[in-house]
Amino acid sequence: MLNPQDITMVTVSVLLLLLSAFSPPVHSSLSTFQIIPSEMNQTAARAACRENYIDLVTVYSDEDNTELYNMMTYWTWIGLYRSVFSEKWSNGDPVTFRNLAGDCGTSSYCAVMKTDGSWESVQCNMTRYFMCYEDVSSQTPNYHLVLENKTWSGAQSYCRGNYTDLVSIRDQQQNEEVKIKGLNSNTPFWMGLLCDDWQWSDGGNSAYRNWNWSSGHPLSSPYDCVVLREWGWNSVLCSNYYVPLCYGASIHVSDEALSWEKALDYCHEGNRAGILHIDSESEQEELESELRRRRVPPGNLWVGLGPNRLSEMKVLSGPLTCEDVERQTAPPLSHCAAD
C-alpha cells in the first residue's frame, strides 16, 4: 500500500494547443521551446515568456542546446542570469555533502577529487580525467573513470552521452567508493560539482553551461544576462535587445494525494487533458528529465497503463521504476500521472 504523503501526481495540460500564437513550436511530448519574434531587453523577455508560456528557457543538455540553436535566427535570450554564488551537482542532486576547503562564495570553480579522497577547486576550462556514473537497478551506481583529458563541460557531455552523468557524492561512504574507483588516475579527476554565480530564471537546477570561451572568460564578465549565439553562450548587458527563447511545460505537478478515481477527475479538470500514459522507454526517460527539471522530490505517482491497470512509479534519485498493480474496486489514496 502506498503512503499518500510519499506520492506525487503529474498531469498534462493542453498548453501545447495554445502555442501557435507566434510560430510553430519545437517540442517533445512534455515540453516545448518557443521563440517570440520581437526584440526586447531581458526584463521584458522574461515577462513576455511568463505571460505567454512558462519562462525563459532553461537549458539542461547538449540536446536542448542543439534544438534551441536550430531555432534561432540571431542572438536570443535564455534564462541564465547572474545571481548569488551556489554549488550544484551536474545531475541536479542537492549538495548535502562536501569534502572541499572553503566556501562557494567568492569565485567560480569546478571540483576534482584527489587520490586521498579530498576535493579541490579548479577552473572549469582546465582539462582533467573524470569520473562518470551509470544508474543501475541497485542502489549503488556503476562508476567509470575515463582517462581522457577534457574540460568540465566536455566531461559532462561525455558522461551524459555514454553513461548517466558526472558523478555526484552524497556522503562519506560514497566518497570512499569513488576514491577507490579513481585510483588508476595519477592526477585529480573531475566530479560533477560546479560553483558559480549564475542561476536560471525559472529556478531550474541545471548545471549545464555552453560558454563561448573564445570571446573572453565568461565567469569574470561584468555583464549579468546571457544570450545563445552560434559559437556558444555569451554574457551581455541586460538592457540589450534580443529575441526571447521561452519554454512551455505540458505536465502539471499537484500538491495533494488523491484516490485513483479522484485523480482521474482531477486530470480532466480545467485545461488538463487526461491521464499520462508512458508507452516507451524514451518517453520514460523524457519524464525522468522533466521531473528532475522540476526538482520533484522522491516519492511515487500513478501512471495509466490501460482501462484495468495502473502503475506505481517510484521517483528516485536514479531512473524511474514501475510496478504494475491490478486496479481494485476501492483503490487506495494515490497520485496519478496524466496527459
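Mind jotting down a quarter of the surface of the convex hull over the alpha carbons of segment 31-249, in square nanometres, one decimal? Average projection, Cα convex hull of segment 31-249: 12.1 nm². Calculated translational diffusion coefficient of segment 48-119 (25 °C, 0.890 mPa s; Stokes-Einstein with Kirkwood radius over alpha-carbon pairs) equals 157 µm²/s. In plain terms, the residue of Leu194, Leu291 with the fewest other Cβ atoms within 10 Å comes first and the most crowded comes last, giving Leu291, Leu194.
With N the number of residues in segment 161-219, Rg(Cα) / (2.2 N^0.38 Å) evaluates to 1.45.
Round to the nearest 0.05 the FRET efficiency obtained for Val84 and Thr115 when R0 = 35 Å and r is the Cβ-Cβ distance. In this case the efficiency is close to 0.60. The modelled label-to-label distance between Glu67 and Asp135, using points 7 Å beyond Cα along the C-beta direction, is 1.7 nm.
Given a Förster distance of 45 Å, report the FRET efficiency between Gln123 and Glu256 from their Cβ-Cβ distance, rounded to the nearest 0.05. That pair, Gln123 with Glu256, gives E of 0.45. All other residues whose Cβ lies under 11 angstrom from that of Ala155 are scored, Lys and Arg at +1 and Asp and Glu at -1, for a net of +1. Report note on the peptides 88-95, 55-62: ranked by the mean count of other C-beta atoms within 10 Å, highest first, their order is 55-62, 88-95.
Label sites at Asp224 and Leu237, each approximated as a point 7 angstrom past Cα along Cα to Cβ, lie 1.4 nm apart.
Coordinate-derived values only; no laboratory data. Quick caveat, the model's predicted, so the values are computed rather than measured. As a convention, Cβ positions derive from the backbone with ideal geometry for all residues, glycine included, and neighbour counts pool all protein chains shown.
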